[in-house]
Each structure stands twice: as C-alpha cells, then as structure tokens.
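Comments concern the structure below.
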Amino acid sequence: MAGGFPTDTRGNGLTGIVPVIFAAALFAWFASMVPTIAATEIIRVSIPWVPSLGIELAFLVDGLSLTFSLLISGIGTLVLLYSNTYLAGHPQYARFALFLTAFMVSMLGLVLADDLILLFVFWELTTLTSYMLIGFSHETEKSRRNALQALFVTGAGGLAFLAGLILLAAASGTTSISGIIAQGSALKEHAMYLPILILLLAGTFTKSAQVPFHFWLPNAMAAPTPVSAFLHSATMVKAGVYVMARMHPAMSGTDVWLWTLTILGAVTAVFASLLALRQTDLKQALAYTTLMALGTLTLFLGQEFGYAMTAFATFLIVHSLYKASLFLVVGCIDLSTGTRETDQLGGLGRIMPITAVAAALAALSMAGFPPFLGFIGKELKYAGAIAVASEPLFVAGAALLSNALMLAVAGVVAFRPFWQGSVPSGQSPREAPWQMWVGPIILASLGAIFGIYPDLLQVALINPTVISLTGEIGEAKELKLWAGINIPLFLSIATFVLGLLFYWRHVQLRALLERGFQSIPNLDKGWDSFLDGLKGFAKWQTQLVQNGKLSTYLFGTFLTIAAGILLTLVYTGMPMIAVDLSDVEWKHTSIALLTISGALLALVTNSRIAGIAALGVVGIGIAMIFIVFSAPDVAITQLLVETLVVVLVAVVMLRLPSMPKAEFRLNHAALSVAVGASVSLILIAVVSSPLDLRLTDYFEATSWPEAYGRNIVNVILVDFRALDTFGEIAVVVIAALSAYALLRTTRKGDQK
C-alpha cells in the first residue's frame, strides 16, 4: 500500500461487487415508487403471519418510509462501493459485507414495517447487526468494549420498547401501525397513554442517543469508517427518530409529548454541539454533530404545525447527505495521512483536490450557506422555532447556538485540514481512488442541486413525508432559497457571524470547554463502573443461588411455586372455597392414609432405599385415586412410572454412601406446609368454581368422528396432542438412555 491506500483498487472481487449491485437494485426499486408516492398514494402489502393473533407480515410505503428507504439504500450503495476499496484485500471482507448488507436490510424492514411485532423484530435485528459492525475489529479491547456498550444500552431500551408496543397493541386493539394511526386521537385519550409514551420514548431515546443515553454513540466510532458513515447518516441512530415520526400522528399533541421531546431534543442539540467543538479527532467531532442533528429532529417532532414538520423532513435529508459525505471524506484523509487529529493535518487541498471539493460542498451545506439545501433547512428550522406556541425563544435560542457551533465544527473538519497550514513532515498523502471519492462527491453535490432546485425535493419527498406526519398536504411549507427579509434571515446572519467567531477562536474555546466539562460527570467512565458493579452483583447472586447444593435449588424452586400460587389467590380475591365431605367413603380415607403414611416415612427414614420405597407408596396412592375416579389407563401409566423410578433410583442409591441422620429443619418444614397448603387451596378453589366444559365438549364431540377413537384420553394424547406426547416420549427415552449409560459406565469402572 502506498500512501495508505490499497495499490490494487479492484477491491474484493465478486464479494465486493455483489453487495453493491444488490443495494443499487434496491435503490432503483424504491426510486421507481417516487411518482406513486408523490401523487399522495400509498403502497401496502400484507401476508398473514400469525392469523390467530391478527399479526401480519405487513409493509407500508408512504412518504416517510420511502424517504428513509431511499436514504438507506442510496447511501448504502455508495458506502458498499467505498468499502470495497477501503478494505480491499481484507481477509474478513466477506463477513464485513454480509454484516453491512444485513444491517441495511434490517433498517429497510424497520422503516417499511406496518405491524408492531414485525417492527420490533427488525428493531432488534438492527441492534444485533450494528453490534457486529461496531465490534468488527474484535481483536482490539476498545472495539469489543464499545460494541458491548452499544448492545447493552440499545438492548435495554429495546426491552422497554417491547413493553410499550405490547401496551400499545392492547390499548388500540390491533398490531397494525396504520390501523393505530387511523384511530386518530383515541390513543391520546386512553388511560394507558402515559405508560405507553414513557416506554416507547425509553426505547427511541436510547436508540437515537438522546441525553442522558448519548454516550454510546461516539464510542461506536470504533467501527470502520464506512460503518460510521452509514450508521450516523441514515440508519441505526435514526431508527428511534423514525419511530417517533411514525407515531407522531397518534401520540403528539399532548403536553407531555411536547415538553419531553422539546426539552430533551434542545438539550441534546446544544450539549452535543459543545462536545463536538471540543474534539480533535475528526470522526469524534462528526459523531457529536450527529447527536446535535438527532436532538434537532427530536425537538421538531415535539411540535405539530407545518413549519416544524417541513423542517424535520428537510433536515432529515440534509443531514443524511452531508454527514455521510463528510464521514467518507474523513476515511480518505485517515488512509492517506495515517491520522485524524486536526493538529496533525494541513495543506491537503492541493494534494487531494477532489476530496477537498467534496468536503467543501458537504461542509457548506452543514454550515447552512446558500445556495445549499442546508441553508433552506436552517431557514425552516428558524421559522419552525419562531412558530412554536410555547417558549419560542427557548427553541430558537437552542437552534441558533447549535447551528453556530455546527458551522465552527464544519470549518474544523472540512476547511482546516485542506486549506490551513502545510503537510506535516513524515506524511506522503495522495488523492483517494475514484471508488472512494465518488460517493462523497455525489452526496455533497445533491445538497447543492436540491438547494438550487428545491422543487425537485419538495414534490418527490418533502410533501409526502409531511402528509405522513400530519395527514394534510396543506401543512407542507414551500422550500425557498429566498423567503424575503424576515426573522429567520436575521437569525441565519447571526448564525454565520457567531459561527465564524467560534471557528476563529475554536482552539481557545476547546481549551475552555475541556476545563468546563471536567466538572460534569463522565457517563462513559460511569459505564465501566456500572459494569464492574453488575459483574460483582452477578458473582454474589451466583454464589448465593447456584452454590452446587441440590437442597438450595429445590428450596428455591418450591418457594417460587408456593409464592406464585398464594399471590395469585390473593390477587384474584381468594375465590369462594367450599369443602363438602359428605360423599367421602372409607376407600377415599384409606387411600389418603396410605399416601400420608408413605410421605411421613420418606420424611423420617435414614435409609435411601426405604425413602424411595416410601415415595413409591405415595405414587401408588395417587394411582389408586385414578382408579377410584375411573381413569384406569392413567393409573396404569402412573404405576409403571413409579415402578420404573423405584427400580432405577434404587440401583443407583445402592452405590451411594449411607444417608446422614434426618434432621428437623424449620425452614424446610415451613416450606412444605406452604406448598401443600397453597396447592390444596388452589385445587379446592378450582373444583368449587364452575368448570368451563367447552374443551371437554369439543373432545367428546370430535374424538370419534375425526380421530376414530372412543377412548377420549388416548385420542387426546395420540391425536390432539401428538407433538406434545412425542416430546414427552423423547424425554423419557433420553432419560432412559442416560440412566443406562450411567449404569453401564459404573459397571465398567467396577470391573477395572
């Protein structure tokens, strides 16, 4: 490799080409749907999945999902093309391409899903595939640690998200997302609205790294640069934003929605902007600007009016284009110079002119200069901030400060490395291969084209997306490069002035921020302490519960059973328990005395053989109960099982040492009484309550006509529960083979 770039730019053969073709075909397929969606139509496809629960493999293409799909597949195509050269000759490239393609497909499934269960399946697939990508360089401890952190944080949020989806389905009576949205404001008036909102936001905030869950996202930079470009621009981190946008029509409009998203979104945007200016690593700086963008998108989703929704839709596209471009540019710089530190870079503009042009175009859109789409997006953000009904100064101030800081970061990332200083000694940079600069050029140029011709984007994607969010086409505001002399224009001018000032003094500001943030708790370091505490708790819990003593395991198991039964009885209000002993005969009493005698003998004996024989007596007593109540086939099965158990266990116990003298233990006695009492109470409650005989009637009516059997019990076991019975037989066979192997091994050991 010369200058850090691979000398053979042909990549990885078919392993590298096939994923690119696949992604490009997906992009072309979604692009063909643009005319249909632009005409305010939708496309829905559904296949029954679990019909008994009303769950479908349902997919919906509307303005919102199509916008995300085009970004995911389009940027995915360019990232895969870039990766084929960036990782040319890598021995594990096939694995990398598989993970990245699976990640892309998972994200597409997530944004297209029209069923809550299907949505969650793809939600978790994005978590797993991103874990594999972040930890791709698994030979390094940092990569493993950061991948585990991302998996843990987003996975924990995913559990809350699943609980929210279950409550949402219960409250709405359907798992269809479009069906939930069609119910209008019904969900907001439901008693479970608040817990549903809390659980869903817990999942989306962890996924989209809102404060205080922001710390995992910059650490995801341990992944290769193409992964960072894809993850931060159009995929993983925007999954949470997508779900908030998808649920916006059904859940927005309440005070808790408004203030939660507005405050946390604004705090995340400003806080992340300050952290971005503090960074010296180009990838880290861009990572924190992603947090700023996610906060801004969340902030505007807290509103309901047209300006905010138009600003959301526009900035979603703006950010995806410039962020993917800049990440890919940073990858070119890193491979060319061997570093991403701003203090060690300079003078690359004359050596890497194409990369420099791509960086400049993307940075100008990021900074919000005309005639780029970023300028239009910034103007819409300010217009949306001013239109906020509550606290417009707070929202506008947060937008102004974060945008100004973004301008400064854009200068640090895209201007300083190329046009300030000179190439440090020891570096021999050169222009990146075309496969690596074509993606940044295309993405950055789209920011300029859509800025000059905003109508192209307005009709194709912005209007349909706003309709998805509001349900009304009239809510979409017009995209204009020149909207006249107004307050958003003055705020834009203030952004330029303040941002240039921040860039001019960014070194001093960085030092000031470094000192200021020392007094703020470092959640990333706290994560390590949390994991250490979790491991310590797990060790203590394991030593307590899994101590290798069978008595401990049995005690815990039966304690759980007794507690579960008693709590159920208490929770259900202890149903009326009536005991009628008028029909008890001498044979019933004899069987009860026989069973109790066997149990008492097993309790007091010091002989294992006598103990197992006593338990056999208990089993015989149970078999006699079956005989008395006209179930001879079950009684025969019980007798055979008891005989087999007594014989096998007796053979094994003959080889064990003498059993110690039985000791009375109060806790064991109390547990025995609790289990016996709870089981007795639940059985009495069951037989005292009216029985639901629908299943019994069904078996009686269908046993002969459908299964050709007059013995209903046998028919149930062999026909209606055939798979269950087969599983039970398999367990018995496995146990018998294990016992035989154990006895056979013991005999061989004795012979030796």
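The values are calculated or read from the model by the stated rules, or taken from the named source; none is laboratory data. All figures in this text were calculated on a predicted structure; none of them were measured in a lab. Cβ coordinates were reconstructed from backbone atoms using ideal geometry, including for glycine residues, and neighbour counts include every protein chain displayed. Each accessible area value is taken on the protein alone, full model and side chains, heavy atoms only, with ligands, DNA and RNA left out. Shrake-Rupley method; radii C 1.70, N 1.55, O 1.52, S 1.80 Å.
Assorted remarks:
- Aspartates and glutamates with Cα under 19 Å of Lys535, excluding same-chain neighbours fewer than 8 positions away: Glu141, Asp524
- Net lengthening on full extension, Tyr453/Leu656 (0.36 nm per residue, minus Cα-Cα): 64.3 nm
- Inter-site label distance for Ile354 and Asn667 at 7 Å from Cα along Cβ, in nm: 7.4 nm
- Cβ-Cβ distance of Leu594 and Ala631, R₀ of 25 Å, FRET efficiency by 1/(1 + (r/R0)^6): the value works out to about 0.90.
- Pairs of alpha carbons in the range 81-227 whose separation is greater than 26 Å (percent): 34 percent
- With contributions of -39500 (n - 2.57) from each DSSP H run of at least four residues, the per-residue ellipticity at 222 nm computed over the chain stands at -23500 deg cm²/dmol.
- Phi-based couplings in Hz for the range 261-272 (Karplus 6.51, -1.76, 1.60; Gly and Pro marked x): 5, 5, 5, 5, x, 5, 4, 4, 4, 6, 4, 5
- The range 69-107 and the range 270-331: distance between their alpha carbon centers, rounded to Å: 22 Å
- Student exercise, the range 71-183 dipole from Lys, Arg, Asp, Glu Cβ charges, in Debye to nearest 20: 280 debye
- Order by protection proxy (mean Cβ within 10 Å, highest first), peptides 485-493, 373-381: 373-381, 485-493
- The amide H of Glu56, built 1.01 Å from its N in the peptide plane, has Trp49, Val50 as neighbours under 5 Å, considering only residues 5 or more places off or on other chains.
- Percent of alpha-carbon pairs separated by more than 15 Å within the range 475-544: 76 percent
- Using alpha-carbon coordinates, inclination of helix 506-516 to the longest axis of the chain, degrees: 30 degrees
- For peptides 454-461, 510-517, sequence by mean Cβ density within 10 Å, most packed first: 454-461, 510-517
- Taking a straight line from the alpha carbon of Lys477, these aspartates and glutamates sit under 12 Å away, with near neighbours fewer than eight places off in the same chain left out: Glu379, Asp455.
- Dipole magnitude of the chain, debye to nearest 20 (Cβ charges: Lys/Arg +1, Asp/Glu -1, about Cα centre): 2400 debye
- Each of Leu481, Leu469, Asn547 was scored by the projection of its Cα onto the charge dipole of the range 457-548, and the greatest displacement toward the positive side belongs to Asn547; charges sit on the C-beta of Lys, Arg, Asp and Glu.
- Principal axis box of the range 684-748, alpha-carbon based, largest edge first, Å: 56, 35, 16
- With bins 20 Å wide beginning at 0, the percent of Cα pairs of the chain falling in each bin runs 14, 38, 24, 19, 6, 0.
- In the context of the full set of protein chains, the chain has a per residue accessible area of 47 Å² (1.4 Å probe).
- Accessible surface of the chain [probe 1.4 Å, protein heavy atoms]: carbon and sulfur percent: 69 percent
- Under the Debye formula (equal points on every Cα, no solvent term), log10 I(q)/I(0) of the range 11-62 at q = 0.28 Å⁻¹: -0.98
- FRET efficiency, 1/(1 + (r/R0)^6) with R0 60 Å, evaluated for Glu189 and Lys539 via beta carbons: 0.80
- Summarised in one figure, the compactness ratio Rg/Rh of the range 33-131, Cα atoms and Kirkwood Rh, is 1.06.
- The range 1-111, relative contact order in percent, only Cα pairs under 8 angstrom and at least six apart counted: 39 percent
- Span from the the range 415-471 Cα centroid across to the the range 15-68 one, whole angstrom: 25 Å
- Coupling constants for the range 492-505 follow from the phi torsions by the Karplus curve (6.51 cos²θ - 1.76 cosθ + 1.60, θ = phi - 60°), and in residue order they are 5, 4, 4, 4, 4, 5, 5, x, 5, 5, 4, 5, 4, 10 Hz; glycine and proline get x.
- Annotation: peptides 185-197, 86-98, ranked by per-residue average of other Cβ atoms within 10 Å with the highest first, follow the order 86-98, 185-197.
- For Lys283, the aspartates and glutamates whose Cα comes closer than 15 Å to its Cα, not counting residues fewer than 8 places off in the same chain, are Asp334, Glu341, Asp343.
- Listed residues Thr225, Ser32, Leu71: farthest to the positive end of the dipole of the chain (Cβ charges): Thr225
- Flagged links, alpha-carbon separation over 32 Å, of Lys142/Lys238; Lys381/Lys525; Lys323/Lys539: Lys381/Lys525; Lys323/Lys539
- Leading residue at positive end of dipole, the chain (Cβ point charges), from Gly611, Ala432, Ala293: Ala432
- Inter-label distance, Leu98 to Val645: 4.6 nm, where each label sits 7 Å from its Cα along the C-beta direction.
- Set against the 2.2 N^0.38 Å expectation for a compact globular protein, the range 264-303 has a Cα radius of gyration ratio of 1.14.
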